[in-house]
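Okay, structure first, notes after.
The values are calculated or read from the model by the stated rules, or taken from the named source; none is laboratory data. These numbers come from a predicted model, not from an experiment. Please note: Cβ atoms are built from the backbone with ideal geometry, for glycine as well, and neighbour counts cover all protein chains shown. When the accessible area is computed, the model is the full protein with side chains, heavy atoms only, and any ligands, DNA or RNA have been set aside. Shrake-Rupley method; radii C 1.70, N 1.55, O 1.52, S 1.80 Å.
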Amino acid sequence: MAIRVITCLIMTPFLVLLSLSFCSSSRLEGIKSVEDLEIDRQLKILNKPYIKSIETEEGDIFDCIDIYKQPAFDNPLLKNHSIQMKPSAFPKEVVNATSPPTRPSAQGLSEGCPFGTVPIKRVRKEDLIWAKLFMENKNSHPTDLGSGAAYHYATRRLASSPGRNYLGASATINIQNPKVTGNQFSQAFVQIRSGPGVQVNTIQFGWMVYPKIFGDNKTRTFASWTNARETGCINNLCSGFVQVNPTVPLGYVLKEISIYGGQQYAVPCIIFKDPKSGNWWLAYDSIEQTVGYWPNSLFTSLSSSASEISWGGGVFSDSNEDSPPMGSGHFAEEDFTMAAYVIFLRVVDESNNMVNPQEDLMQYFTDAPKCYTIGGLNWKDSTAFLYGGPGGNCGH
């Protein structure tokens with residue numbers, strides 16, 4: 001079965017803490033709460049003056065903002081930062097990945113921003129409120145979560161090993177549109193991380209269905225980062241990620257969705273570290289089509305390298321509701337074109353080479369096997385796997 005492929009590569013954050021207690025108060029009607037005023041202040045910081053705005057057919061608005069005045073540069077850690085327009089070098093492909101038969105799919109916005117500007121998705125009040133929920137545990141590895149967590153994962157994990165450090169990771173991630181409701185979300189991702197416990201640093205990229213943040217049930221690209229568990233954000237909902245691509249932003253809709261038992265679509269992706277600046281780059285479509293980067297100064301433990309990498313799927317639901325589907329909503333045992341997949345797993349080694357992960361360090365993980373499963377996939381000469389499931393009463 002042919003696969004159409006969309007390609008992708010994979011900030012110390014300045015995040016104003018939100019007080020979102022939603023406590024009742026006796027304030028006079030018409031007077032905004034302290035929480036509302038703080039959110040309004042953040043909106044004014046994040047929504048910059050724009051040269052042009054682009055509205056997609058889904059209703060998303062991307063503002064074309066002066067590249068030197070984008071929200072990233074409000075982060076105090078980026079004071080006097082010199083913008084990097086392209087990587088000094090790209091990882092070298094050592095393993096020859098046999099690409100699946102594909103017809104390239106349109107990526108990014110239907111029109112680009114004018115020269116010298118970049119597209120930044122306009123932020124709404126509800127975006128900031130619900131993004132905080134997503135960030136509360138997204139930087140935890142699945143094995144860190146307790147039995148009371150409302151998060152569930154099915155992943156392959158390249159465990160940390162003494163003396164082994166990584167300068168990036170990549171994969172080709174099957175595109176699906178799992179059905180979620182209420183406060184649920186479902187995602188597929190590649191994640192790099194480093195650091196112990198509450199000091200963990202992470203960068204994550206993939207696709208997500210999250211109505212509370214995005215306003216509908218469409219599948220969108222997303223990226224997130226953290227520097228210690230209390231800081232970080234998704235996409236451009238805080239200052240840090242530096243956008244350089246005038247056409248391909250964070251958070252746009254992936255329109256071509258895989259068909260159960262039929263045509264499959266995928267988004268290949270890599271996160272890689274610039275060998276000179278140390279910035280962590282994200283790219284699409286090909287390794288040369290960079291979207292932007294997280295400056296190295298945003299991180300502590302990730303400032304040098306990553307020690308652990310995960311690929312797979314994750315879901316979230318409130319404790320009083322069933323868990324949503326993951327991937328295609330079908331178990332890994334149903335095989336290719338029916339279960340969701342991740343293929344061409346690669347890591348960037350300390351010599352800036354893209355290589356297969358060391359198999360004896362790779363682990364399978366699922367914390368709710370009655371709802372979600374994961375299993376190997378024999379795909380060419382690459383590391384690959386199937387994952388997913390229907391969700392349901394998985395336990396929290």
How long is the gain from Arg41 to Lys79 if the chain were fully straight, where each residue apart is worth 0.36 nm and the alpha carbon distance is subtracted? 11.6 nm
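List the GluC sites (Glu not before Pro) within the range 32-93 that fall in a DSSP loop (any state other than H, G, I, E or B) and whose Cβ has at most 16 other Cβ atoms within 10 Å.
Values: sites: Glu35, Glu38, Glu55, Glu57, Glu58, Glu93; in loops: Glu57, Glu58.
Within the range 32-93, the qualifying GluC sites (Glu not before Pro) (loop, at most 16 other Cβ atoms within 10 Å) are Glu57, Glu58.
How do His152, His81 stack up against each other in accessible area, from largest to smallest, with a 1.4 angstrom probe? If you can, show how the numbers build up before the last one.
Working: His152 10, His81 55 Å².
Ranking His152, His81 by accessible area, largest first, yields His81, His152.
Multiply the residue separation of Ser286 and Thr300 by 0.36 nm, subtract the distance between their alpha-carbon atoms, and state the gained length in nm to one decimal.
Between Ser286 and Thr300, full extension yields 2.2 nm more.
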On the accessible surface of the range 45-89, probed at 1.4 Å, how many percent belong to carbon and sulfur atoms? 50
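Tell me the relative contact order for the range 251-388 as a rounded percent, counting alpha carbon contacts under 8 Å between residues six or more apart.
Working: 191 pairs, mean separation 25.4, N = 138.
Normalised by residue count, the contact order of the range 251-388 is 18 percent.
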The simple spin-label model distance between Lys179 and Asn393, using points 7 Å out along Cα→Cβ, in nm, is 2.0
Would you mind calculating the relative contact order of the range 176-215 from Cα pairs under 8 angstrom and at least 6 residues apart, reporting the percent as a whole number? 47
Taking 31 Å as the cut-off for C-alpha to C-alpha distance, list the pairs among Lys69/Lys212; Lys52/Lys86; Lys44/Lys276; Lys48/Lys273 that go past it. Lys44/Lys276
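Run the accessible area of the range 292-396 with a 1.4 Å probe and give the carbon-and-sulfur part as a rounded percent.
Values: 1710 of 3690 Å².
Using a 1.4 Å probe with all protein chains present, the range 292-396 comes out at 46 percent carbon and sulfur.
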Length added when fully stretched, Glu93-Asn165, from 0.36 nm per residue minus Cα-Cα: 24.2 nm
